[in-house]
Amino acid sequence: MSIATPVAAAARQELTGFEGRLIGPDDADYDDARTVYNALIDKRPALLARCATVADVQKAVRFAADHDLLLAVRGGGHNGAGLGTCDDGVVIDLSLFKDVHVDPVARTARVGGGCTWAEVDGATGAYGLATPSGIISTTGVGGLTLGGGLGHLTRKCGLAIDNLLEAELVLASGERVRASAEENTDLFWAIRGGGGNFGVVTSFLFRLHEVGTIFGGPTFWPVELGAEVLSVYREFLPAAPRELNGFFAFHTVPPAPPFPEAIHMRKVCGVVWCYVGGEEDATAAMAPLLDALPEPLMHGVGAMPHSALQSAFDGLYPPGDQWYWRADFVKELSDEAVDLHARFGAEMPTLQSTMHLYPVDGAAHDVGASDTAWSYRDATWNAVFAGVDRDPANVGAIRKWSIDYQEALHPHSAGGAYVNMMMEEGQERVRASYRDNYDRLARIKATYDPGNVFRVNQNIQPKG
Ligand SMILES: Cc1cc2nc3c(=O)[nH]c(=O)nc-3n(C[C@H](O)[C@H](O)[C@H](O)COP(=O)(O)OP(=O)(O)OC[C@H]3O[C@@H](n4cnc5c(N)ncnc54)[C@H](O)[C@@H]3O)c2cc1C
């Protein structure tokens, strides 16, 4: 391909039999096709290869590798750092990989690599089953799973990767392989936390759990009680039964139902609950926290399908907002850390900006630090400091709040961060996130992707 030849035109010539769509800058839907969830990301790929079949994925990978083009892989397009796209290179767009096949007897779901969690939850929920994912249903299965997967079911059922039984991948060579506990076991170890570094996952096989109706929702107190609520929460949560997940949060109450008008736009702190079980047990499990604190502004809990809780935040965080976020794993919350949280929580710069502490204990601790690539099995929480707003005028403010907040709390953290909630923060941060597992990941990377074809991610650099 000569430099003067547009990449999209070359791809149309060379990729004979491509069954999906090859979208270039001259196509009418190019702008739609290149848009990702985070409006801070505005990248212009030379080609979007919207693949329809595994053979299409193989062709697109080989095309990018043969022409030495930067290659990004897009699952749900939700990545905060925009790692599902790139400038001037090729994007493999998996949005047509939407199959979800539930086997209610074997309790498994085979899921296409381009699905969102809404599609999976809908299909599994019909059988009263679920697999752990996150807390927002529009997030992609691909990126969330490969980076670990923390959410409402973590304490009861583990991370998303702890329920991954098998994956089918297209490697940097274009070869198609399966990874599981029986096949390509080193690859299977690496993809459970190692992100998109090892290949394009075209399908996942997940274990399902009996999770039909849950009892959950938010409890909010005034943000001024941040230190008091967090001080009780830090002792309460690790001692709570696994059926109870509850992430601590700072929020501003949206001016809409189901929130009472009296607290619209009020800054609050609180806990978002998910109890896998019925009201009576849930109420008993929440009681030690609620009894130790003043009457909340809102205790909006109730029985609902798991999929309803999963989509409860979707309206507050639609595509097209600007996101700048940072994260850190946390083992303990010292008094000083609690005070810093209370200070920054009260200073949230916009309605959608937030801080969440996602529990990483319970079933997530049943798996050893070197059993999968996801190293921080000894963390108690993952803290995420998310500055979010739609107005470009507020970019400076959301960015500053998120960075200042994370930097103030970083000395109180466990050192590394959850790769799925990082921006592009440099190689040292990636290493710190994998700790002792990094060297093994680098060796496996050298086996499966020695040329670092898959480098638009929190990158593991190949080392033989
Ligand atoms: C609003 C919001 C809420 C979130 N909530 C949670 C949460 O509750 N829990 C949690 O754990 N995370 C959460 N995340 C973080 C989320 O896990 C990451 O942003 C993740 O990268 C999104 O995956 P994606 O497929 O949508 O992203 P994309 O932008 O498509 O891809 C992200 C990365 O994954 C790779 N990738 C994606 N799919 C594949 C595939 N099929 N094969 C190979 N590589 C692939 C890409 O190459 C890229 O490097 C949230 C993110 C947002 C924006």
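The values are calculated or read from the model by the stated rules, or taken from the named source; none is laboratory data. Everything numeric in this text was worked out from a predicted model, so none of it was measured. Note: ideal-geometry Cβ built from the backbone for every residue, glycine included; neighbour counts use all protein chains shown. Surface accessibility is based on the protein's heavy atoms, side chains included, excluding ligands, DNA and RNA. Shrake-Rupley method; radii C 1.70, N 1.55, O 1.52, S 1.80 Å.
Of all residues in the stretch 410-435, those satisfying the criterion of being within 16 Å of the ligand (Cβ to nearest atom) and in a helix (DSSP H, G or I) are Val419, Asn420, Met421, Gln427, Arg429, Val430, Ser433, Tyr434.
Restricting attention to the stretch 130-158, the residues being outside any loop (DSSP other than H, G, I, E, B) and near the ligand (Cβ under 7 Å from one of its atoms) number 7. The set of residues from the stretch 376-389 being under 19 Å from Ala414 (Cβ atoms) and open to solvent by 10 Å² or more (accessible area, probe 1.4 Å) comprises Arg377, Asp378, Thr380.
Exactly one residue among Ala81, Ala10, Ala39, Ala72 is in contact with a Leu (Cβ under 9 Å, 6 or more places away or on another chain), closer than 25 Å to Gly195 by Cα and among the hydrophobic types (A, V, I, L, M, F, W, C), and that residue is Ala72. Checked against the criterion of being under 16 Å from Leu96 (Cα atoms) and touching a helix residue (DSSP H, G or I) at 6+ places or on another chain (Cβ under 8 Å), the stretch 31-39 has no qualifying residue.
Yes/no per residue for (1) touching a residue at least 24 places away in the same chain (Cβ under 8 Å); (2) of a type outside the set (Gly, Ala, Ser):
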| residue | (1), (2) |
| --- | --- |
| Val388 | yes, yes |
| Ser402 | yes, no |
| Tyr405 | yes, yes |
| Tyr418 | yes, yes |
| Met423 | yes, yes |
| Gly426 | no, no |
| Val430 | yes, yes |
| Arg435 | yes, yes |
| Leu441 | yes, yes |
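Selection of the stretch 237-291 for residues being open to solvent by 30 Å² or more (accessible area, probe 1.4 Å) and either in a strand (DSSP E or B) or in contact with a Phe, Trp or Tyr (Cβ under 6 Å, 6 or more places away or on another chain) (or both) yields Glu243, Lys267, Glu279, Pro288. List, please: which pairs have Cβ atoms under 9 Å, are six or more places apart or on different chains, and start with a residue in the stretch 445-464 that is under 21 Å from Asn420 (Cα atoms) and in contact (Cβ under 8 Å) with a residue 60 or more places away in the chain and end with one that is open to solvent by less than 20 Å² (accessible area, probe 1.4 Å) and away from the ligand (no atom under 16 Å from the Cβ)? What qualifies is Ile460/Tyr438; Ile460/Ala442.
For the stretch 159-168, taking the residues that are surrounded by 23 or more Cβ atoms within 10 Å (Cβ to Cβ) and outside any helix (DSSP H, G or I), the one that is nearest to the chain's Cα centre (by Cα) is identified as Leu159.
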